[in-house]
Structure formats: C-alpha cells, structure tokens
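The values are calculated or read from the model by the stated rules, or taken from the named source; none is laboratory data. Note that the structure is a prediction, hence the values are computed from the model and not measured. Neighbour counts are summed over all protein chains in view; Cβ atoms, including those assigned to glycine, are modelled from backbone coordinates with ideal geometry. Just so you know, the surface numbers come from the protein's heavy atoms only, side chains and all, with ligands and any DNA or RNA stripped out. Shrake-Rupley method; radii C 1.70, N 1.55, O 1.52, S 1.80 Å.
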Amino acid sequence: MSDPVSVEIYSRPGCHLCDNAKDAIERVRQRYPFVLKTINIEADAALEAAYGNEIPVVTINGNKAFKYRVDEAEFEKKVKRLWNK
C-alpha cells in the first residue's frame, strides 16, 4: 500500500442504517487497515443541510462510494483495490 486509504462516514447519532454501515466498515477494517473518520452531520449546519436524511454517506479517499447502505463485499473490493496500488 503506497498511500493510506481514508474512509469517512457522514452520519448522526441514533441512525440504525449508520450503525449497520459502521459495523460493515469495521469488519473490513480488520482485514485492510485504513484511516476512518466518523462525521456527525448534526454538528455542522451546512452538512445537515447537505445530507439531511440521506445518510449514511461513505467516501473513500474523498470519493462518494455508498449512500444509505454499505455492501460489505463491495466496500472490501474498493478498499482492497486501493490497498494494492
């Protein structure tokens, strides 16, 4: 792996879809370590306006990869591809 893989999840407390996404992301993270940042959209009015109820949103290296649900196998493929660069 040359550059570290960076994953961001835009979410809010009490969001069950967000919790499911975080669980899937953490399982992949055990196999392919990466930098993970969780961003609470309620802490920023601009993010709240931008994302509203369309969460979670997951980005990988700044590129939007998932919205609402994270397919664990697909997420792993995306991370693995970057890991092998």
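Would you be able to tell me the number of residues in region 7-64 that are more than 18 Å from residue 81 (Cβ to Cβ), open to solvent by 70 Å² or more (accessible area, probe 1.4 Å) and not in a helix (DSSP H, G or I)? Total meeting the criteria: 6. For region 67-85, residues that are touching a residue at least 12 places away in the same chain (Cβ under 8 Å), within 17 Å of residue 35 (Cβ to Cβ) and not in a loop (DSSP other than H, G, I, E, B) total 7.
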